[in-house]
Amino acid sequence: MILENFSLKNFNTFGVDAKTRYFTEVYSVDELKEAIHFAHEKSLEVLFLGGGSNILFTKDFGGLAVKLNLIGISVKEISDNEVLVTAKSGENWHQLVRFCLTKNFGGLENLSLIPGNVGTSPMQNIGAYGTEIKDVFESCTVLNLETLETEIFDLEKCKFGYRDSIFKQEKGKYIILEVTFKLTRKNHSINVEYGAIQSELQKKNITKPTIQDVSAAVIRIRQSKLPDPKITGNAGSFFKNPTIPKTQFLGLKEKFTEIPGYENGDFVKVPAGWLIEQCGWKGKQIDNVASNPLQALVLVNATGHASGREIFDFSDMIIQSVKKKFGIELEREVNII
Ligand code: EPU
């Protein structure tokens with residue numbers, strides 16, 4: 001069924017009330033292809049929606065918005081210690097993580113409670129608390145939108161980087177239909193390198209954490225500083241953490257001795273949250289939009305009535321401030337429509 005002049009308020013975690021000219025939900029690849037044909041016939045632009053957790057509508061959309069609801073999870077044991085778990089794109093990410101924890105499949109526990117769906121996880125190589133999906137990624141099946149044929153992408157072909165992949169670089173070319181992860185069945189490699197996980201485990205006197213313990217710790221950390229989009233509209237980190245040349249970082253360090261940075265070869269990744277906080281934006285609200293008081297990198301629809309334009313303009317003011325003070329140009333992580 002194709003609906004007209006449909007509000008997308010419930011389909012983006014910012015809760016922005018933007019409208020789409022046409023809207024449909026698809027539950028199979030055939031329905032997806034039908035929707036694409038409809039758009040082609042009417043010469044409409046198509047927008048594919050997953051969980052809506054990384055998108056900001058700054059205006060109404062004049063084409064066809066397609067909500068991808070393909071669901072299903074399957075498991076294939078490949079060795080004594082390894083299993084392949086394949087999830088369709090419309091599966092909720094955290095439900096997949098929970099499914100794996102129940103079966104004691106290790107690898108996704110650090111990525112607990114990330115909003116959004118499985119299908120968009122490879123787009124920006126989702127990552128948190130020391131793990132990125134590239135660490136457990138086996139392959140994904142995509143629909144090539146030019147040929148309408150399915151293709152399989154392995155790890156190398158996905159060209160994963162920090163919040164980056166081929167799907168982001170060649171936006172609009174592929175739709176991810178399902179993703180396969182290679183997980184462990186018993187010899188789990190527990191990753192507690194992120195300091196806050198260690199502190200959470202210590203608080204509970206856990207010295208030999210299970211994957212379930214790690215997941216519980218991650219959930220507590222996230223809940224302590226990231227607002228629940230069901231309550232306060234947001235899209236997680238609004239900006240990427242900028243990577244700057246080491247020489248530039250050392251120059252900044254002379255002036256701002258406290259500046260944190262994570263070295264990676266000749267480059268240093270600087271936490272955008274720190275830069276934003278130093279510019280006085282943390283917890284600041286202008287009309288309906290605010291920077292989260294507990295994590296400045298997260299912008300929120302504070303009143304529930306913010307327009308996408310307002311959120312965008314707020315983010316622009318932050319970019320200008322950070323540029324003026326530090327000479328660093330923040331890049332938005334959220335997709336802007
Ligand atoms: N910081 C501040 N003030 C703030 C926020 C952060 O000074 O208001 C500084 C602190 O020095 C802190 C450092 O930034 O130690 C890092 O903060 P945090 O550990 O919260 O992580 P982040 O770099 O801000 C990234 C991801 C998050 C992910 C966390 C944990 C990006 C853009 N964001 O945030 O991902 O959950 O690490 O691994 O890389 C998301 O993508 O939506 C997201 C939430």
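Mind telling me which of the residues SER7, SER43, SER53 ends up being surrounded by fewer than 16 Cβ atoms within 10 Å (Cβ to Cβ), closer than 26 Å to SER237 by Cα and among the hydroxyl-bearing types (Ser, Thr, Tyr)?
Only one candidate passes the filter, namely SER7.
Mind listing just one residue for me: the one in region 199-218 that is of a type in the set (Ser, Thr, Tyr) and not in a loop (DSSP other than H, G, I, E, B) and, of those, surrounded by the most Cβ atoms within 10 Å (Cβ to Cβ)?
Initial filter on region 199-218 (of a type in the set (Ser, Thr, Tyr)): 199, 207, 210, 215.
Subsequent filtering for residues that are not in a loop (DSSP other than H, G, I, E, B) retains 199, 215.
On the way: SER199: 11, SER215: 22.
Within region 199-218, the match that is surrounded by the most Cβ atoms within 10 Å (Cβ to Cβ) is SER215.
What's the number of the only condition in (1) among the small types (Gly, Ala, Ser); (2) touching a helix residue (DSSP H, G or I) at 6+ places or on another chain (Cβ under 7 Å); (3) open to solvent by 40 Å² or more (accessible area, probe 1.4 Å) that ALA196 fails to meet?
(3)
Report, ordered by the first and then the second residue, all pairs with beta carbons closer than 7 Å, sequence separation of six or more or different chains, a first member in region 251-277 that is basic (Lys, Arg), and a second member that is open to solvent by less than 10 Å² (accessible area, probe 1.4 Å).
Hits for this filter: LYS253/ILE259.
Applying the selection to region 147-161, what residues are open to solvent by 40 Å² or more (accessible area, probe 1.4 Å) and more than 29 Å from THR102 (Cα to Cα)?
Correct list: THR147, GLU149, THR150, GLU151, GLU156, LYS157, LYS159.
Within region 86-127, take every residue that is of a type in the set (A, V, I, L, M, F, W, C) and in a loop (DSSP other than H, G, I, E, B) and give me the one that is nearest to GLY236 (Cα to Cα).
Applying the first criterion (of a type in the set (A, V, I, L, M, F, W, C)) to region 86-127 yields 87, 93, 96-97, 99-101, 105, 108, 111, 113-114, 118, 123, 126.
So of that shortlist, the ones also in a loop (DSSP other than H, G, I, E, B) come out as 105, 108, 113-114, 123, 126.
Details: PHE105: 26, LEU108: 18, LEU113: 11, ILE114: 9, MET123: 15, ILE126: 11 Å.
Per the stated criteria, the residue is ILE114.
Testing GLU178 on (1) open to solvent by 60 Å² or more (accessible area, probe 1.4 Å); (2) more than 16 Å from the ligand (Cβ to nearest atom); (3) of a type in the set (Asp, Glu), one condition comes back false. Which one is that?
(1)
I'd like the full set of residues that are more than 30 Å from ILE231 (Cα to Cα) and surrounded by fewer than 20 Cβ atoms within 10 Å (Cβ to Cβ), limited to region 20-35.
Restricting attention to region 20-35, the residues satisfying the condition of being more than 30 Å from ILE231 (Cα to Cα) are 28-35.
Matches in region 20-35: SER28, VAL29, ASP30, GLU31, LYS33, GLU34.
Name the strands (runs of 3 or more DSSP E) wholly within region 265-337 that hold at least 2 residues that are more than 9 Å from the ligand (Cβ to nearest atom) and more than 29 Å from LEU250 (Cα to Cα)?
So the answer is 289-291, 298-301.
Would you mind stating whether ASN125 is in contact with an Asp or Glu (Cβ under 6 Å, 6 or more places away or on another chain), in contact (Cβ under 8 Å) with a residue 12 or more places away in the chain and within 14 Å of the ligand (Cβ to nearest atom)?
Here the answer is yes, as ASN125 does meet what is asked.
Give region 225-264 a look and list any residue that's open to solvent by 40 Å² or more (accessible area, probe 1.4 Å), assigned to a strand (DSSP E or B) and within 14 Å of the ligand (Cβ to nearest atom), or say none.
THR243, TYR262, ASN264 - these are the residues of region 225-264 that are open to solvent by 40 Å² or more (accessible area, probe 1.4 Å), assigned to a strand (DSSP E or B) and within 14 Å of the ligand (Cβ to nearest atom).
The values are calculated or read from the model by the stated rules, or taken from the named source; none is laboratory data. Note that the coordinates shown come from a computational prediction; the quantities given were computed from them, not determined experimentally. Counting neighbours? That spans all protein chains shown, and the Cβs are built from the backbone with ideal geometry, glycine included. Please note that ligands, DNA and RNA were not included when accessible areas were found on the heavy atoms of the full protein model with its side chains. Shrake-Rupley method; radii C 1.70, N 1.55, O 1.52, S 1.80 Å.
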